[in-house]
Amino acid sequence: MGASIEGLGTARGARWQRRPSSVGLAVRAARRALRNAGCAAHEIDLLIHAGVYRDDNVAEPAIAPFIQRRIGANPGALATSPRRTFSFDLTNGTCGFLTALHVAAGYLRTGSIARALVVASDVNPTPSLSYGCSFEPAAAALVLGSSPSGSGFQAFGFESFEKDSNLFEGRVDWISGGRWRGLAPPRGRHALRISEDDAFVARCADHAAAAVERFLAAHALAVDDIDLLVPSWAPAGFPDAFAERLRHDPRVLLPERPERPHSAGPGLALEAALARARASGARSLLVVAAGAGISVALALYRLESGERVGA
Amino acid sequence: MRPPDTSAAGPPRTADRERAPALPARSRIESLGLELPSTRLSTAELLASCRRGFRVDLEGLTGIRERRVCAEGEDSFTLAIDAASDCLAHSRHEPRDLEVLISCGITKYKGRESYRFEPPLSLAVKEAIGASQALHFDITNACAGMLTGVSILNEFIRAGSVRCGMVVSGEYISSISSNATRHVRGLFSRELASLTVGDAGSALILERAPEGSVGVEACELLTHARHDRLCIGGACPDGPGASMKTRPRKLHDVAIRVGVSVMRKALERSGLERMDQIDVMIPHQTSIRAIHAGRKYSQAELGSFARDVVVNVDRYGNTASTTLFMALYQCLEERRLRPGQRVMLMSYASGVVAGALVFTVDELVERYGRLD
């Protein structure tokens, strides 16, 4: 039993929005994905949010229940109700989206669930004080259902390269001091700090290209067996760097215009890949994500002939 | 020019390669680990530091006498790493055997005032303990985090794609208490529950059980998202660390009602009919009053209840995602469990999330509680 994409949706923060909401973006993407899948929210058994940076730095509860309630995925159900939803957050930087798909596929494989929704969204949680935050608010959502074993996600691969863990860090720090407001001296405020080494994207591309080689070998495949190589759109610059490592193989799908999403990067790339596959008849896709760690995530996807996913 | 070093720490992890057991496979808890800070803080000492003339008998209200709190140099990372190391010390597995490592804490402090989002905490734990083969990721699901991690790993094992993995959590959560001492005024303060927490690290290894042996019988979780705003925690607006605001009474009432339905489902999945077929219940540790009220309500709804209910909140407070497996560890150390006994771990969390894990105790008991 495999796992296949039934619908996909994306959303981007509007330029006029000073403080877009990560939950709001996630809900928009989720609704689009459900519409494309032709399924109702109450048919979702499992909801995983794979975004990293969220509204107001909320640590508890997970962001997923907020999304679950707003899209109407059985918010009032009990365990004995005929339909119910379980939701939680999963984070693995910009590899989180593919990691969450792998986890959801595990639940589908055992038959514990029939349908899952994986969503990723990020916003700058402290826009009035942040350092090094260059990503743009964006969200991607994907409805995943069961499929015959010959189609859908065939395999996932994950590697990590801890020696390069210092090349990218995202954290929220307490900064003491600040502007006087009223009589009391300011204690300080929390600020998002993202530090990205100049070598980060290049190292992501190096590790990703090598991981692709090992993944294909492990599955007795060659690059020629893949119709589309789909690098995630995050981190910024990764698609071009990855394409360069693969000597600008024409099968590498690049974004039409530069975008700077974060955890939604693989979802946005997959949306473009599915559109290309519909146009070209491509059947096999290899999605490649990389991010802080450095971690690399790979997902091999097979489309049925004539399958129109995400339309 | 030398080519860049792109070698992975081990062979590529192709995580869903089939292993050919009889499916679905059964999982079992192979080992547990615990890390408690050595610094003790009594409820009386905590209340003495409240700034606004706070006059509530918190110990009388909750039964919490003291809790452990991190000292300088301790944080979510150190608690998680030490708990993971303790778990491996009790395990037959080597770090390289771990195929998955899931970090499940609400808090992700590396340093007392720095909350780290990337790289994930699971990567730091994996690196520290040498679990070079493990797929790593973080899970957040409030106090149900570790049970959520167990659910995920259980599904991988049931599907036959993983043999063993680790679920770990390090909770440096006591900053919500110290921040609350500046804000709380009385019994109805939204930060009252923040005064009940304590710090701890917990870890467990879940593995594929040999065919025909006992292990996990049910792992049921549900999110009742209608009440998603009854407990909200995040960065403190006026100080380092975190703060948390709760509507404790409403949260408790919703949680135990949802929890009863989860217990029913878990019993059904385990092939049981009555709660008194459960020998030992370990509920999420919030307060003694809440635990007894939950037991009374559940017993009335279900007709019976577990024979033994474990309580340790009086000594450690609410240690967030680590409460269940910390209490299980202590049951093992105190030799309260026997092979063949059926145990239910019951989680309640903001979201509102309720979850139940039912398993049968096996030879795990032999590796704990040894007299030195």
| request: Compare B:Thr181, B:Thr39 by solvent-accessible area with a 1.4 Å probe and give them largest first, with all protein chains kept in place. | output: B:Thr39, B:Thr181
| message | Taking 0.36 nm per residue of sequence separation and subtracting the Cα-Cα distance, how much length would be gained by fully extending the chain between B:Ala44 and B:Arg338, in nm to one decimal? | response | 102.2 nm
| field | Full-extension gain in nm, A:Glu244 to A:Lys163, via 0.36 nm per residue minus C-alpha separation | value | 26.9 nm
| Under Stokes-Einstein, with the Kirkwood radius over Cα pairs standing in for Rh, what whole-number D in µm²/s applies to the protein assembly as shown at 20 °C and 1.002 mPa s? | 86 µm²/s
| task | List the residues whose amide H sits under 5 Å from the amide H of B:Asn318, counting only those 5 or more places along or on another chain, with H placed 1.01 Å from N in the peptide plane. | result | B:Val197, B:Gly198
| request: Would you rank A:Arg115, B:Arg51 by solvent-accessible area, highest first, keeping every protein chain in place and using a 1.4 Å probe? | output: B:Arg51, A:Arg115
| remark: Whole-Hz Karplus couplings 3J(HN,Hα) for segment A:289-300, θ = phi - 60° and coefficients 6.51, -1.76, 1.60, Gly and Pro as x, run 10, 8, x, 3, x, 6, 10, 10, 10, 10, 9, 9
| task | Sort out for me the Cα centre separation of segment A:212-285 from segment B:188-256, rounded to whole Å. | result | 39 Å
| What average number of partner chain Cβ atoms lie no more than 10 Å from the Cβ of the residues making up A:69-77? | 4
| note | Checked segment B:245-372 against the a/c 1.5 cut and the a/b vs b/c comparison, axes a ≥ b ≥ c from its Cα gyration tensor; verdict oblate
| field | Sequence of A:His248, B:His252, A:His262 when ordered by accessible area, the most exposed leading, probe 1.4 angstrom | value | A:His248, B:His252, A:His262
| remark: Rounded to a whole number, the mean other protein chain Cβ count within 10 angstrom for residues of B:234-243 is 6
| Equivalent ellipsoid semi-axes, segment A:66-216, via Cα gyration tensor eigenvalues times 5, rooted, Å | 36, 27, 11
| field | Charge context of A:Val143, other residues only, Cβ under 12 angstrom, K/R +1, D/E -1 | value | +1
| request: Determine, at each q value in 0.10 (inverse angstroms), the log₁₀ of I(q)/I(0) that the Debye formula gives when each Cα of chain A is one equal point scatterer. | output: -0.54
| task | Pop out the Kirkwood hydrodynamic radius of segment A:25-105 from its pairwise C-alpha distances, inverse of mean 1/r, in Å to one decimal. | result | 13.2 Å
| query | Okay, which of segment B:89-132 sit inside 17 Å, backbone N to the point 7 Å along the Cα-Cβ direction of A:Ser195? | reply | B:109-121, B:124
| message | Taking 41 Å as R0, compute the FRET efficiency from the Cβ-Cβ separation of A:Leu221 and A:Glu256 and round it to 0.05. | response | 0.90
| query | So what are the ³J(HN,Hα) numbers for segment A:191-199, from phi and the Karplus equation (6.51, -1.76, 1.60; θ = phi - 60°), rounded to whole Hz, Gly and Pro as x? | reply | 9, 7, 10, 10, 10, 10, 5, 4, 8
| query | When the label point is put 7 Å from the Cα of B:Ser304 along its Cα-to-beta-carbon vector, which residues of segment B:321-358 have a backbone N closer than 16 Å? | reply | B:341-344
| field | 35 Å tail of the calculated P(r), chain B, as % of Cα pairs | value | 22 percent
| note | Mean per-residue count of partner chain Cβ within 10 Å for B:263-275 equals 1
| By average Cβ neighbour count within 10 Å, what is the ranking of B:279-288, A:123-132 from highest down? | B:279-288, A:123-132
| field | Candidate lysines - alpha carbon under 20 Å from B:Lys250, same-chain residues fewer than 8 apart omitted | value | B:Lys296
| task | Would you mind getting me the FRET efficiency between A:Ser280 and A:Arg15? Use the beta-carbon distance for r and R0 = 30 Å, nearest 0.05. | result | 0.40
| query | So if we plug the beta-carbon distance of B:Arg274 and B:Arg315 into 1/(1 + (r/R0)^6) with R0 = 41 Å, what FRET efficiency do we get, rounded to 0.05? | reply | 0.85
| query | Measuring from centroid to centroid over Cα atoms, what is the spacing of segment A:3-18 and segment B:74-151 in Å? | reply | 31 Å
| Under a Cβ-Cβ cut-off of 10 Å, what is the net charge of the residues other than B:His93 that fall near it, where Lys and Arg count +1 and Asp and Glu count -1? | -1
| request: List the extent of the Cα atoms of segment A:1-62 along each of their three principal axes, largest first, rounded to whole Å. | output: 41, 28, 20
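The values are calculated or read from the model by the stated rules, or taken from the named source; none is laboratory data. This is a predicted model, so every value here is computed, not measured. Please note: Cβ atoms are built from the backbone with ideal geometry, for glycine as well, and neighbour counts cover all protein chains shown. Ligands, DNA and RNA are stripped out before the accessible areas are found, and what is left, the full protein with its side chains, is counted by its heavy atoms. Shrake-Rupley method; radii C 1.70, N 1.55, O 1.52, S 1.80 Å.
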